[in-house]
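Contents: one structure, followed by commentary.
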Amino acid sequence: MRPVELDPVARRLSRAYTIGDLRRIARGRTPRSIFDYVDGAAEAEISIRRARRVLRDVEFRPSVLRDVGTVDLGTDLLGRRAQAPFLYAPTGFTRMMQHEGESAVARSAARTGVPYTLSTMGTTSIEDLAAAAPEGRNWFGLYVWKDRAAAEELMDRARAAGYEALVITVDVPVGGARLRDNRNGFSIPPTLTARTILDGALHPSWWLNFLTTEPLRFATLDSWQGTIEELASHMFDPTVELDDLAWVRAHWDGPLVVKGVQTVADAERVVGAGADAVVLSNHGGRQLDRAPVPLTLVPETVAAVGDRAEVYVDTGFGSGADIVAALALGAKAVMLGRAYLYGLMAGGERGVNRAGQILTTEIARTLRLLGVRSVDQLTPDHVRLP
């Protein structure tokens with residue numbers, strides 16, 4: 001007989017062999033409106049479906065009779081070694097998904113040996129996160145606010161707390177239309193209605209943790225009552241232009257990553273303005289629907305700016321094989337959001353650990369099956385886009 005696992009979290013996570021398994025567990029443990037906020041995308045959700053379809057249809061081209069007794073997953077990101085070729089993206093309101101929140105993600109990222117980016121819209125302060133993961137590679141994700149003095153203060157606080165890099169997100173002049181959220185009556189923070197009370201009866205552990213742990217607070221603003229779309233329109237500056245990167249550079253002298261680039265021409269513009277890395281991203285399909293699939297932009301973008309800046313990519317990645325495909329096309333790393341949030345909702349910090357274990361195991365196995373001993377040996381010859 002298999003030994004009985006008495007720890008319910010360990011028991012749940014032991015049944016997770018893929019990120020899809022973590023998603024299924026997360027869906028069963030989280031109120032629908034919260035899960036849909038993570039899982040959903042903008043409008044008809046065409047962008048995210050297209051991105052996943054392209055990744056699904058990638059064809060690998062393995063080379064056999066190669067010595068793959070050992071494989072190296074490490075890669076250099078912004079001049080420092082990461083133990084795996086991915087990094088954890090900034091996500092807002094993370095303590096709402098699971099009460100352990102951003103601190104749990106940062107500790108897990110440090111354990112996995114990859115960077116983690118705290119969002120401007122996070123629910124853990126810049127200083128508290130640095131204290132929770134002092135050995136981690138902590139990056140700060142900045143949205144440019146209408147109140148520029150407040151944004152400057154955030155950059156100053158991140159620098160003082162020892163954050164390694166600044167990630168400025170540039171694809172949110174206004175909030176995308178998150179229709180799942182609207183239909184669910186989702187708000188920040190969650191409001192009690194007949195529907196949420198009924199949902200709470202189906203997810204008692206989530207509500208118990210939400211109501212008995214530290215109240216949900218924002219890292220960088222005092223309070224908010226309303227939808228995500230309303231918050232973005234209220235806070236974010238739609239007048240930001242390329243010249244504003246000079247303003248950012250005047251207040252941040254460390255590595256600068258620009259996230260939300262969706263054309264090769266824009267990649268050339270932001271690298272020319274001083275970016276050290278670009279993230280090819282359509283915000284996980286959560287902003288402009290029918291946006292370009294970021295993976296398809298990788299080869300041309302690397303050819304245009306790869307000798308001057310690092311190229312990362314996100315949107316739709318749900319497995320280690322997906323990550324290997326992006327690396328073979330020339331990306332330096334993949335930025336992940338939903339993948340680790342599913343783990344967080346499934347089992348807190350241990351769930352994020354499990355997500356990292358799944359991804360690194362899948363990457364290593366895919367490298368071996370391709371006949372490759374390190375991510376640096378991947379080339380476009382190993383993969384074909386549909």
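Do you know which residues across region 266-288 are under 24 Å from residue 386 (Cβ atoms), of a type in the set (A, V, I, L, M) and assigned to a helix (DSSP H, G or I)?
267
Against the condition modelled with pLDDT of 80 or more and assigned to a helix (DSSP H, G or I), how does residue 195 come out, does it pass?
So residue 195 does not fit the description; no.
Just checking, does region 11-20 include any residue being in a helix (DSSP H, G or I), among the aliphatic types (A, V, I, L, M) and under 30 Å from residue 373 (Cα atoms)?
yes
Name the residues in region 296-325 that are over 28 Å from residue 17 (Cα atoms) and out of contact with any helix residue (DSSP H, G or I) (no Cβ under 8 Å at 6 or more places or on another chain), would you?
Scanning region 296-325 gives 302, 303, 306, 307, 310.
Could you pull out every one of the helices (runs of 4 or more DSSP H) wholly within region 38-112 that has 2 or more residues that are under 21 Å from residue 280 (Cβ atoms) and in contact with a helix residue (DSSP H, G or I) (Cβ under 7 Å, 6 or more places away or on another chain)?
On the way: elements: 46-56, 94-97, 101-112.
Once the helices (runs of 4 or more DSSP H) in region 38-112 are filtered for at least 2 residues that are under 21 Å from residue 280 (Cβ atoms) and in contact with a helix residue (DSSP H, G or I) (Cβ under 7 Å, 6 or more places away or on another chain), what remains is 46-56.
Does any residue in region 121-142 that is free of Cβ contacts under 8 Å to residues at least 24 places away in the same chain come within less than 7 Å, Cβ to Cβ, of a residue that is aromatic (Phe, Trp, Tyr) six or more places away or on a different chain, and which pairs are these?
Hits for this filter: zero, empty list.
Select, from 44, 82, the only residue that is at pLDDT 95 or above, hydrophobic (A, V, I, L, M, F, W, C) and within 26 Å of residue 175 (Cα to Cα).
Only one candidate qualifies: 44.
Considering each residue of region 169-206, count those that are surrounded by fewer than 16 Cβ atoms within 10 Å (Cβ to Cβ) and over 25 Å from the mean Cα position of the chain (by Cα), and give that number.
Count: 11.
Please go through region 48-80 and give me each residue that is of a type in the set (Lys, Arg) and over 21 Å from residue 118 (Cβ atoms), ordered by number.
If the condition is that a residue be of a type in the set (Lys, Arg) and over 21 Å from residue 118 (Cβ atoms), then 49, 50, 52, 53, 56, 61, 66 are the ones that fit.
Identify all residues within region 134-150 that are among the aliphatic types (A, V, I, L, M) and surrounded by fewer than 22 Cβ atoms within 10 Å (Cβ to Cβ); write none if there are none.
Answer for region 134-150, where residues must be among the aliphatic types (A, V, I, L, M) and surrounded by fewer than 22 Cβ atoms within 10 Å (Cβ to Cβ): 149, 150.
One line per residue, one yes/no per condition, for (1) touching a residue at least 60 places away in the same chain (Cβ under 8 Å); (2) buried (at least 17 other Cβ atoms within 10 Å of the Cβ):
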position: 63; (1), (2): yes, no
position: 67; (1), (2): yes, no
position: 72; (1), (2): yes, no
position: 79; (1), (2): yes, no
position: 82; (1), (2): yes, yes
position: 87; (1), (2): yes, yes
position: 91; (1), (2): yes, yes
position: 96; (1), (2): yes, yes
position: 106; (1), (2): no, yes
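Results for (1) in contact with a Leu (Cβ under 7 Å, 6 or more places away or on another chain); (2) of a type outside the set (Phe, Trp, Tyr), shown as yes or no for each residue.
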site	(1), (2)
239	no, yes
252	yes, no
278	no, yes
284	no, yes
288	no, yes
303	no, yes
325	yes, yes
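With respect to residue 44, is the statement that it is over 22 Å from residue 373 (Cβ atoms), touching a residue at least 60 places away in the same chain (Cβ under 8 Å) and surrounded by fewer than 16 Cβ atoms within 10 Å (Cβ to Cβ) true?
Taking the combined requirement at face value, the residue satisfies it.
What pairs come up if the first residue lies in region 329-351 and is on the phi > 0 side of the Ramachandran plot, the second is part of a loop (DSSP other than H, G, I, E, B) and open to solvent by 10 Å² or more (accessible area, probe 1.4 Å), and their beta carbons are under 7 Å apart, counting only those six or more places apart or on different chains?
Filtered contacts from region 329-351: 330/306; 348/98; 348/100.
For residues in region 213-250 being in a helix (DSSP H, G or I) and modelled with pLDDT under 85, which is nearest to residue 158 (Cα to Cα)?
235
Step by step: first the residues of region 108-123, then only those that are hydroxyl-bearing (Ser, Thr, Tyr) and out of contact with any Lys or Arg (no Cβ under 6 Å at 6 or more places or on another chain), then the one that is farthest from residue 136 (Cα to Cα). Which residue is that?
Checking each candidate, the answer is 120.
Looking at the structure I just gave you, is residue 51 buried (at least 21 other Cβ atoms within 10 Å of the Cβ), within 22 Å of residue 312 (Cα to Cα), at pLDDT 95 or above and not aromatic (Phe, Trp, Tyr)?
Here the answer is yes, as residue 51 does meet what is asked.
Can you report the number of residues in region 154-168 which are part of a helix (DSSP H, G or I) and open to solvent by less than 10 Å² (accessible area, probe 1.4 Å)? Break it down stepwise before answering.
Here is the first cut: in region 154-168, the residues part of a helix (DSSP H, G or I) are 154-160.
Narrowing further to those that are open to solvent by less than 10 Å² (accessible area, probe 1.4 Å): 154-155, 158.
Of the residues in that region, 3 qualify.
If residue 122 satisfies every condition in (1) modelled with pLDDT of 85 or more; (2) touching a helix residue (DSSP H, G or I) at 6+ places or on another chain (Cβ under 8 Å); (3) in a loop (DSSP other than H, G, I, E, B); (4) open to solvent by 20 Å² or more (accessible area, probe 1.4 Å) but one, which is the exception?
Unmet condition: (4).
The values are calculated or read from the model by the stated rules, or taken from the named source; none is laboratory data. Just so you know, these numbers come straight off a predicted model, no measurement behind them. In this analysis, Cβ positions are derived from the backbone assuming ideal geometry, glycine residues included, and neighbour counts consider all displayed protein chains. In case anyone asks, the SASA skips ligands and DNA or RNA and just uses the protein heavy atoms, side chains included. Shrake-Rupley method; radii C 1.70, N 1.55, O 1.52, S 1.80 Å.
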